[in-house]
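The values are calculated or read from the model by the stated rules, or taken from the named source; none is laboratory data. Quick caveat, the model's predicted, so the values are computed rather than measured. A quick note on method: Cβ atoms are made from the backbone with ideal geometry, for glycine too, and the neighbour counts reach across all protein chains shown. Heavy atoms of the whole protein, side chains included, go into the accessibility calculation; ligands, DNA and RNA do not. Shrake-Rupley method; radii C 1.70, N 1.55, O 1.52, S 1.80 Å.
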Amino acid sequence: LHSPISKRSNNVVIVLLGVTSGSAHGYKPVIIVHGILDGPEQFKNLSGFINEVHPGTEVQIISLFNNCKSMKPLWIQVPEFRKVIEKIMTARPEGVHVLCFSQGGLVCRAVLSTSPNHNVHTFISLSSPLAGQYGDTDYLNWLPGCVKKTAFLFCYNKVGQHFSFCDYWNDPHHRACYLKGNTFLPPINGEIPHQHLKDWRENFLRIKKMVLIGGPDDGVITPWQSSHFGFYDSNEDVVEMRNQAFYKNDTFGLKTLDARGDVSVCVQSGVKHTNWHSNFTVFKNCIEKWLI
């Protein structure tokens, strides 16, 4: 399932915002993973919010695959993010929180699934296409003639799978093509059988809490309920999380986590996609109480 890891230089930068005395204040460190076409600079406001309400919290924004490099295949990105996150976790035996935006939520999910000894306490997914994406966005505009009805022709082949957004393109009208041609989301969701399914499920269930944040005015994540594991059926009617097959079959542990009472859903209206991480109301209503 894994693509070869690209050779990268050793100058991986971790941006430290805050101070390293977070544990002295009783707050676990927070690791932030950016989304597509983003980088660490977009998350200074969010880091500031965290330290405003929880002074002394150590906030680490991972600087990897920034901006255009974020469009590399997710199976190239995930092992590199995992290396950095595991290094942070090793130095923080008390546990960490991961706060992951947009595409970064899928990166974090894969890191959690493939890392057998992680000590992530809370996984906060901030407007991420967790069940996939099916809708016209600015990310498709650069492809001549590519609209949602024909994007599967590009995405579900070896060429398309070299672009990160194709790794979570989920065309409900071409389900068989999705399951066969998408090498990232179906195995992560346990929608196809594979040799790692049992181990990945156990790894994912090591988290103590999962927080799912999204809203109807996002404008990019389509359907917006994908941020809460909802998605379209073949009629483009939204099927909510608990009626999804991967939930009913508990393929990656979502039903078990929910039964434990460890899934929290936060819906916030009036927030555009690029504003989630800079909106203080979102932080207060959906994030703050979990970062302890």
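Points worth noting:
- Calculated diffusion of the stretch 58-158, Stokes-Einstein form, Kirkwood radius summed over Cα pairs, 20 °C and 1.002 mPa s, µm²/s: 141 µm²/s
- The calculated FRET efficiency for the pair LYS248 and ASP199, based on their C-beta separation and a Förster distance of 30 Å, comes to about 0.90.
- Cα-centre dipole for the stretch 50-143 with unit charges at Cβ (Lys and Arg positive, Asp and Glu negative), debye to 20: 320 debye
- Rounded to the nearest 20 debye, dipole of the chain from Cβ charges on Lys, Arg, Asp, Glu: 720 debye
- Spacing of the modelled spin labels on ALA176 and ASN117, each 7 Å from Cα toward Cβ, amounts to 4.5 nm.
- Gyration tensor (alpha-carbon) shape descriptor, the stretch 184-292, a/c threshold 1.5: oblate
- Estimated [θ] at 222 nm from DSSP helical runs (n ≥ 4, -39500 (n - 2.57)) normalised by residues in the chain, nearest 500: -7000 deg cm²/dmol
- Angle in degrees between helix 103-114 and the longest Cα principal axis of the chain, rounded to the nearest 10: 80 degrees
- Its Kirkwood hydrodynamic radius, worked out from the mean inverse distance over all distinct Cα pairs, puts the chain at 19.0 Å.
- Listed residue (CYS155, LEU74, PHE165) projecting farthest to the positive dipole end of the chain, Cβ model: LEU74
- Prolate/oblate/rounded call for the stretch 113-219, Cα gyration tensor, a/c under 1.5 rounded: oblate
- Debye, to nearest 20: dipole size of the stretch 133-252, +1 on Lys, Arg Cβ, -1 on Asp, Glu Cβ: 480 debye
- Solvent-accessible area assigned to carbon and sulfur over the chain amounts to 53 percent, based on a 1.4 Å probe.
- Residues LYS272 and GLU52, FRET efficiency given R0 of 25 Å [Cβ-Cβ distance, rounded to 0.05]: 0.65
- Separation in nanometres of the label points that stand 7 Å from Cα toward Cβ, at ASP136 and LYS44: 3.5 nm
- Calculated FRET efficiency for the pair ALA91/ASP233, C-beta based, R₀ 35 Å, to 0.05: 0.20
- Of GLN42, MET241, VAL98, farthest towards positive along the dipole that unit charges on Lys, Arg, Asp, Glu beta carbons give the chain: VAL98
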